[in-house]
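Take a look at the structure set out below.
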Amino acid sequence: MDKNFKSFLKEVFGKYSTDLSGQVSQAFPALSAVDPDSFAISAVTVDGEVFEQGEVSRDFTIQSISKAFSFALALEQHGSLFVESKVGMEPTGEDYDTIIKLDDKNRPFNPMVNSGAIVMSGLINPREKATREEELLDYFGKFAGRSLKIDEETYRSENENGHKNWAIAHLLRHFNILTKEYREVLDLYFKQCSILVNTHDLALMGATLANDGQNPITGIKCLSSENLRHVLSILFTCGMYNYSGEWAFDVGLPAKSGISGGILLVVPGVLGMAIYSPRLDKRGNSIRGIKVSEELSDRFQLHVLDYTRKKARIN
Ligand code: GLN
């Protein structure tokens, strides 16, 4: 099926293979050491069909894309009322690592900026597993359909060099938003950002979000429909850093970006897609990732607010 989609992937992959604009993130040493020219695209439909191009088995660290799934886990463990008492749902229009900005209820603005994401990591409790770290890894693994692991070198590099995140954690402690366990919470946040994935994993994680929270390959239900709606809403409004408004305007799909160069997109009811290309623009989004996403949305009329989009189809 879907010859059009298959040839679209091949075409955009070829078209952007030679686009080497942008720089790999210099945020900390382990991130800047990757091959800048890697390029991969994967898509998994809600029926479990897979379409791929490029280095789809090349592992990279998930970075900020993890925030979508730690938010999902916090919602699953505590319910949305409690989670909303800890974090707002409002875009900041500022960099993801803006030092700290709290709303009038003393909450970080949203769970996709670092301050809000660190608060979400602090909500994860060991329920099915012995430790918070295992709980989180196990939960992410349910979306990816395989067990995932942490890249120790990235974790250490981020822990040693992540002074801004340390500053955010100290301020969250100062304002009594984090408890005295704030060091452990930040440690978990660094670990979740250092989980290794490839585009195949991310596309399946996206397909699970596209498929009412149920992994289309394993059949495991990862989150309730209500929590899924919350996650997709925040991905739509805040998933692409301070580019989220323009992204909503142009691409119109829930998505999440990470500074390692990944973008995860969700076409609800249709498919999950992931692009990996570590050369970034000045806001920290993958340049080739944005271009491929724009073409995808245009070509198949996927913008969720498009009136002419009767039923999103990829064929
Ligand atoms: N681990 C990175 C940080 O916290 C993640 C940032 C990102 O991908 N935007 O700064």
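The values are calculated or read from the model by the stated rules, or taken from the named source; none is laboratory data. Bear in mind that the values here come from a model prediction, so they are computed numbers and not experimental data. Reconstructed Cβ throughout: ideal geometry from the backbone, glycine too, with neighbour counts over all protein chains shown. Areas reflect the complete protein model, heavy atoms only, side chains present, ligands, DNA and RNA absent. Shrake-Rupley method; radii C 1.70, N 1.55, O 1.52, S 1.80 Å.
Summary table below
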quantity: Which numbered condition LEU148 fails, given (1) more than 13 Å from the ligand (Cβ to nearest atom); (2) over 17 Å from the mean Cα position of the chain (by Cα); (3) open to solvent by less than 20 Å² (accessible area, probe 1.4 Å); calculated: (2)
quantity: Condition met for ARG156 (assigned to a loop (DSSP other than H, G, I, E, B) and out of contact with any strand residue (DSSP E or B) (no Cβ under 6 Å at 6 or more places or on another chain)); calculated: no
quantity: Criterion: touching a residue at least 40 places away in the same chain (Cβ under 8 Å) and more than 21 Å from the chain's Cα centre (by Cα) - qualifying residue of PHE51, PHE13, PHE28, PHE60; calculated: PHE13
quantity: Selection from the stretch 179-202 of residues that are assigned to a loop (DSSP other than H, G, I, E, B) and within 16 Å of the ligand (Cβ to nearest atom); calculated: SER194
quantity: Extreme residue, farthest from the ligand (Cβ to nearest atom), among residues of the stretch 249-263 that are in contact with a Phe, Trp or Tyr (Cβ under 6 Å, 6 or more places away or on another chain) and not polar (S, T, N, Q); calculated: PRO254
quantity: Evaluation of GLY219 against (1) part of a helix (DSSP H, G or I); (2) free of Cβ contacts under 8 Å to residues at least 24 places away in the same chain (one fails), failing number; calculated: (1)
quantity: Segments classed as helices (runs of 4 or more DSSP H), wholly inside the stretch 51-127, with at least 3 members that are away from the ligand (no atom under 13 Å from the Cβ); calculated: 66-78, 80-86
quantity: For SER7: the one exception among (1) closer than 19 Å to SER260 by Cα; (2) more than 16 Å from the ligand (Cβ to nearest atom); calculated: (1)
quantity: Leading residue by the ranking (farthest from the ligand (Cβ to nearest atom)) among those in the stretch 264-275 that are touching a residue at least 60 places away in the same chain (Cβ under 8 Å) and open to solvent by less than 10 Å² (accessible area, probe 1.4 Å); calculated: LEU271
quantity: Residue check for SER286: hydroxyl-bearing (Ser, Thr, Tyr) and either closer than 23 Å to PRO91 by Cα or within 13 Å of the chain's Cα centre (by Cα) (or both); calculated: yes
quantity: Qualifying residue in the stretch 233-248 (condition: farther than 22 Å from GLU49 by Cβ and more than 16 Å from the chain's Cα centre (by Cα)); calculated: yes
quantity: Answer residue from the stretch 10-33, given it is open to solvent by less than 50 Å² (accessible area, probe 1.4 Å) and of a type in the set (Val, Ile, Thr) and is nearest to the ligand (Cβ to nearest atom) among those; calculated: VAL24
quantity: Residue within the stretch 203-211 that is within 20 Å of the chain's Cα centre (by Cα) and either within 16 Å of the ligand (Cβ to nearest atom) or open to solvent by 70 Å² or more (accessible area, probe 1.4 Å) (or both) present; calculated: yes
quantity: The stretch 160-178: number of residues that are outside any helix (DSSP H, G or I) and either among the aromatic types (Phe, Trp, Tyr) or open to solvent by 80 Å² or more (accessible area, probe 1.4 Å) (or both); calculated: 2
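For (1) in contact with a strand residue (DSSP E or B) (Cβ under 9 Å, 6 or more places away or on another chain); (2) surrounded by fewer than 21 Cβ atoms within 10 Å (Cβ to Cβ); (3) of a type in the set (Ser, Thr, Tyr), each residue gets a yes or a no:
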residue: GLU55; (1), (2), (3): yes, yes, no
residue: ILE65; (1), (2), (3): yes, no, no
residue: SER70; (1), (2), (3): no, no, yes
residue: GLU76; (1), (2), (3): no, yes, no
residue: GLY93; (1), (2), (3): no, yes, no
